[in-house]
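These notes concern the structure reproduced below.
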Amino acid sequence: MKRFITVEEARQQILERLPRLSTERIFLSQALGRILAESVEAPTDSPRFDNSARDGYALRFDDLEGDRPTLSVIGTAAAGTISDLHVEPGTAARIMTGAVVPEGADTIVMQEYCEVDEDAGTVTVLEVPEKGRGAWVRKAGENMAAGEAVLEPGARLGAPEVGLLASFGRSVIEVSRRPRVAIVSTGDELVELDQEPQPGQIINSNAYMLEALVHQAGGEAVVLPPAADTEEAVRDTFEQALQSADIVVSSGGVSVGDFDITREVVDELTGGMNFWKIRMKPGKPLAFGTADTDGRDVPLIGLPGNPNSCFVCFHQFVRPALAVMQGVARDGVVPRRLDAILAGPVQTTPKRRVYLSGTLRGRVGDKPEFVPFDNQNSGNLRLFCGAEAFGVCEEGVARMEAGDEIAVELIEL
C-alpha cells in the first residue's frame, strides 16, 4: 500500500497491532525505568499517625486565646518514640519534627514563635499560627489511605516511584519484560566500525544509534551484522531477527528506488508489508508489518536509511511502540508538546510537517524560546547532537518568523 498519510495515522496503525509482552518479578533495586505490571495499594495509612511537621510546641488551639498566652511545658515528644504525654488545658509539649502528636494536642506552634522560660517550665506563644487549628499537624492518612491504589499497571518507575515502593516495604515487584529489539541493516555499502570504508562505502552508524535509542527507551537491543544485497543474505538476516526478537527495527530499504530485494523479502515474511509515505520531513518513507513466527506476532518497523530521518522516526513510532508493548496506555506515549517562541526565522516546505532540531533557552513571556540549529540538512550527522526538542512546522506553513509561536516536542532520552 503506497499513499500519503499523517504521522498520527501511521502511529495509530502501528500501536493497534502490537503484542503485549509477558511480565517478570524483579528486585526493587532493579526497578528504575521499568514499566509496572501490577496495581499497588498503600498497605497502611500515610502518615501512619498524626505527627508534627515542625520543631515546636504541641498544644490545644483553644489555649491560644488572648495576648501572648503562657503554657506549662509537660515534657518532650521525640521522633521515633511513643510518649505518654497528655496535653491538658493550659499545657504544651515540646515536639520534634516527625514525632507523634501527644494526646489532647491539635496544633503545633513553631519554635521560632515561642519564648521559653526554662526556670519556670513555661512557654509563651508570641504569634498564633496563620493556619489556625491543626497548624503543622500531618494527619494520619492525609497522603494515602490504607488500601488506596497509588500506582497502576503501565506506570514508568522513576526515582520517586521506587522510593514510594520502598516505603511500603516492597523488595520485589512485577514489571513488564523488556522488549528484545533486533536491529537489521542491509546493503553492500555498509561496513562495521573497525573497517576502513572504501569508495562508495559508509560505516553502519544507524545500527549503533538505534541500539542506543532502544536502550534509552527501556529495551534490549541486538545488532545483527549488515546483510549483503542478495536475497539469501537478506532473508537469513530477517529470519534470524524474527526468531530472536519481540520486534524488529530495520533502517534503509523502504524508499522508492531502494534495492528491491529487501522490500520483497520483508513483504513476503510479513504476509503483506505496509509501505507508507508519511507527510513529514525528515522521514517520509516508513514500512510496517507483523510476521507470524512460531505462533508469535513479531512487528517489523522499517525506518528510512538517512540517519536524521531514522532518528526522527524512531521518536515518532518506535519509542511509542516499545512503551505500548510494555503496557503503557496508547494515549500516554504520544510525544509531549508545549508552546514556545521561535528565536529566528525558518524556511520550510508547506507540503509536509517539518521537524526542526534545536534547543530551549530562557523564556519569552510565559513561554520558553526555541532555538533551531542553523544547519537542518538531512545529511548533517551532527544535527541532533545536543538537541532538546523538535520544533514542529505544520503542513501549509512555508516560513516562520522570529517571535512566532511554535509547537515543540521534547526529545525523550
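The values are calculated or read from the model by the stated rules, or taken from the named source; none is laboratory data. The shown structure was predicted, so the numbers you read here are calculated from the model rather than taken from an experiment. No Cβ is skipped: glycine too gets one built from the backbone with ideal geometry, and neighbour counts run over all protein chains shown.
Values for this structure:
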item: Residue in the stretch 181-222 that is nearest to LEU18 (Cα to Cα), counting only those that are of a type in the set (Asp, Glu) and modelled with pLDDT of 90 or more; result: GLU220
item: Which numbered condition VAL123 misses (of (1) surrounded by fewer than 14 Cβ atoms within 10 Å (Cβ to Cβ); (2) more than 30 Å from ALA245 (Cβ to Cβ)); result: (1)
item: Selection within the stretch 360-403 - surrounded by 15 or more Cβ atoms within 10 Å (Cβ to Cβ), assigned to a loop (DSSP other than H, G, I, E, B) and at pLDDT 90 or above; result: PHE373, ALA387, GLU388, VAL397
item: Residue satisfying all of: in the stretch 40-58; part of a loop (DSSP other than H, G, I, E, B) and among the charged types (D, E, K, R); farthest from the chain's Cα centre (by Cα) among these; result: ASP55
item: Hits in the stretch 282-325 - residues which are within 17 Å of VAL248 (Cβ to Cβ) and assigned to a loop (DSSP other than H, G, I, E, B); result: ASP294, GLY295, PRO304, GLY305
item: Any hit, the stretch 268-275, residues being at pLDDT below 85 and in a strand (DSSP E or B); result: yes
item: Per-region count, the stretch 78-95, residues of a type in the set (A, V, I, L, M, F, W, C), more than 20 Å from ALA120 (Cβ to Cβ) and either touching a Gly at 6+ places or on another chain (Cβ under 8 Å) or crowded, with 18+ Cβ neighbours inside 10 Å (or both); result: 1
item: Residue selected from the stretch 255-267 under the condition out of contact with any helix residue (DSSP H, G or I) (no Cβ under 9 Å at 6 or more places or on another chain) and part of a helix (DSSP H, G or I), by the criterion modelled with the highest pLDDT; result: ASP267
item: Hits in the stretch 70-89 (condition: modelled with pLDDT of 95 or more and of a type in the set (S, T, N, Q)); result: THR70, SER72, THR76
item: Pairs where the first residue, in the stretch 393-413, is acidic (Asp, Glu) and the second is surrounded by fewer than 16 Cβ atoms within 10 Å (Cβ to Cβ) and part of a strand (DSSP E or B), C-beta under 6 Å, 6+ apart; result: GLU405/ASP339; GLU409/ARG337
item: Residue in the stretch 196-206 that is in the same structural domain as PHE311 (by TED's automatic domain parsing) and in contact with a Cys (Cβ under 6 Å, 6 or more places away or on another chain) present; result: yes
item: Inter-residue pairs, beta-carbon under 6 Å, first closer than 16 Å to ASP117 by Cβ and in the stretch 59-75, second among the acidic types (Asp, Glu) and not in a helix (DSSP H, G or I), 6+ apart; result: none
item: Exclusive hit being more than 28 Å from the chain's Cα centre (by Cα), buried (at least 22 other Cβ atoms within 10 Å of the Cβ) and of a type in the set (S, T, N, Q), set THR262, THR293, THR230; result: THR262
item: Residue identified as farther than 24 Å from MET144 by Cα and among the hydroxyl-bearing types (Ser, Thr, Tyr) among THR81, THR97, THR70; result: THR70
item: Some residue of the stretch 169-177 being within 25 Å of PHE314 (Cβ to Cβ), surrounded by fewer than 19 Cβ atoms within 10 Å (Cβ to Cβ) and touching a Ser or Thr at 6+ places or on another chain (Cβ under 7 Å); result: yes
item: Given (1) of a type in the set (A, V, I, L, M, F, W, C); (2) surrounded by fewer than 13 Cβ atoms within 10 Å (Cβ to Cβ); (3) over 22 Å from ARG330 (Cα atoms), number of the condition VAL73 does not satisfy; result: (2)
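Quick grid of which residues meet (1) closer than 16 Å to VAL172 by Cβ; (2) surrounded by fewer than 17 Cβ atoms within 10 Å (Cβ to Cβ):
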site	(1), (2)
PHE4	no, yes
PRO19	no, yes
SER22	no, yes
ARG25	yes, yes
GLU38	yes, yes
ASN51	no, no
ARG54	no, no
ALA58	no, no
